[in-house]
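Here's the structure we're looking at; comments come further down.
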Amino acid sequence: MPAPTRKTIIAEQHIEQAIQHMPFYVVEYIRAKKRAALSPRTLSGYLHDFKRFFDWLRQEGFTTAESNADIPYTVLETLKKTDVELFIEMLMEEKIEKREGIYVQRSIDSTTRFIQSLKSLFNYLTQESEDEDGECYFYRNVMSKIKSPKKAESASSRSKRISANMLNGDERDEFLNFLRFEYVKTLDSRQAARFEHNRLRDIAILSLLLGSGLRVDEAAGLLINDLDMVHADVRAQRKGNKLDTVSITRTAMEDLQNYIAEREQLYKPEAKNLYLFLTKYRGKANPISVEAIEKIVKKYTMAFTKGRQMSPHKMRHSFAKGFLDNGGSLIALRDQLGHNSIETTALYTNLSQEEQRAVLRVMDSKKDES
């Protein structure tokens, strides 16, 4: 079974610390969602949102409670739709410090997460909670009246924005071949020695991301025994702690085998250290972090594109487009990517269809000329 990543462990630690300052009904909610195998990272994010919400309730005088832990659920029961809308307006207008002295407005995605986290809490309190009489704590769910803000972006616009910053078509193979044969030529002797030490690992990571569509944390948490080299599958832990078998390309499996053949000699891990991807820190082999993989992707994509850095999520986009372009079905892609909803997967159809539209436009223009 894939092991928890460093981010997951940190999230679990944050949950245990944060619930000490939450009302009893939030603690019950967290325990219930843990039993339902909701991701620790999701629950940790929810707790950040709950704290901001309860802080706001006290600041705005909705309760006289001296601490968030003392806020009774009756305060949530009696909130009006306009009250919650004031909270959402505050979120959308709030300035977030991106880095020292630089402030930006909260994104729509961030605001939507706040709404979804509160919807989840209110759904639990009005549908799943139980008092001494076997009744829910309350039944009036004000969050059911709240809609998430919509992005002012068309599917075509989103498609162009994503396509402009990912690897398309032959670029995926060209990128990996650049790492295998060309990248070292751009380095000085010291840089080249450092690159050679991690070359097989880095190629294996990038080949896996481009050849499977795995999320970065799913890749970071893989163990050696999660690989099925006969069928070219990996066993990954998806969102919600769901175990899933994910098929990967034969190229990716070959790159993984090349890395595994040298893994022990390169990193000298302890026998009990079964993490697939390792890094050396203070002479000891440790599992690679999500942040380290993100830096690897950015470094090599910048070198390949001469300045246009990408993220692991763009690798996922690149895989999805290639999957559809090569005849894969939307349902198969949904399963491959680990989406819960076909609607989420359908967003990738615009990436694949843009080339078809371009061809049709050329056909029309030639028709007009005749």
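Taking label points 7 Å from Cα along the Cα-to-Cβ direction, A193 and K306 give a separation of 3.1 nm.
Treat each spin label as a single point 7 Å out from the Cα along the C-beta direction, and report the T64 to Q257 distance in nm. Inter-label distance under the simple model: 7.3 nm.
Rounded to the nearest 0.05, what FRET efficiency do K98 and R250 give with R0 = 35 Å and r taken as the Cβ-Cβ distance? Could you check? After rounding to 0.05, the efficiency reads 0.25. Compared with the alpha-carbon gap, the fully stretched path from S107 to M90 is longer by 4.9 nm at 0.36 nm per residue. Given a cut-off of 23 Å, name the pairs among K51/K298; K268/K306; K98/K295; K150/K242; K239/K314; K51/K95 whose C-alpha atoms lie farther apart than that in the structure shown. From K51/K298; K268/K306; K98/K295; K150/K242; K239/K314; K51/K95, over 23 Å: K51/K298; K268/K306; K150/K242. For the chain, the share of accessible area belonging to carbon and sulfur comes to 50 percent (1.4 Å probe, ligands and nucleic acids excluded). Spin-label pair H313-S365: with each label point 7 Å from Cα along the Cα-Cβ axis, the two points sit 3.3 nm from one another. Normalised by 2.2 N^0.38 Å, where N is the number of residues, the C-alpha radius of gyration of the range 59-158 stands at 1.32.
For K272, the lysines whose Cα falls under 20 Å of its own Cα, not counting residues fewer than eight places away in the same chain, are K280, K284. Which of the three applies to the range 110-255, rounded, prolate or oblate, going by the alpha-carbon gyration tensor with a ≥ b ≥ c and a/c under 1.5 meaning rounded? Prolate shape, in that a/c is at least 1.5 and a/b is the bigger ratio. Eigen-decomposition of the gyration tensor built on the alpha-carbon atoms of the range 174-325 gives equivalent ellipsoid semi-axes of 22, 21, 14 angstrom, largest listed first.
Would you calculate a helix-derived [θ] at 222 nm for the chain, using -39,500 (n - 2.57) for each DSSP H run of n ≥ 4 and dividing by the full residue count, to the nearest 500? Before the final figure, lay out the partial values.
Details: 16 runs with 204 residues, N = 370.
Counting only the DSSP helices, I get -17500 deg cm²/dmol.
Between D255, D170, D217, the Gaussian network model of the chain with springs among Cα atoms under 10 angstrom shows the greatest mean-square fluctuation at D170.
Restrict the search to the range 64-116; then list the trypsin sites (Lys or Arg not before Pro) that DSSP places in a loop and that have at most 14 other Cβ atoms within 10 Å of their Cβ.
On the way: sites: K80, K81, K95, K98, R99, R106, R113; in loops: K80, R106.
Qualifying residues, ordered by number: K80.
The values are calculated or read from the model by the stated rules, or taken from the named source; none is laboratory data. The shown structure was predicted, so the numbers you read here are calculated from the model rather than taken from an experiment. When we count neighbours, we look across all protein chains shown, and the Cβ atoms used for this are built from the backbone with ideal geometry, even at glycine. Accessible surface areas use protein heavy atoms only, side chains included; no ligands, DNA or RNA. Shrake-Rupley method; radii C 1.70, N 1.55, O 1.52, S 1.80 Å.
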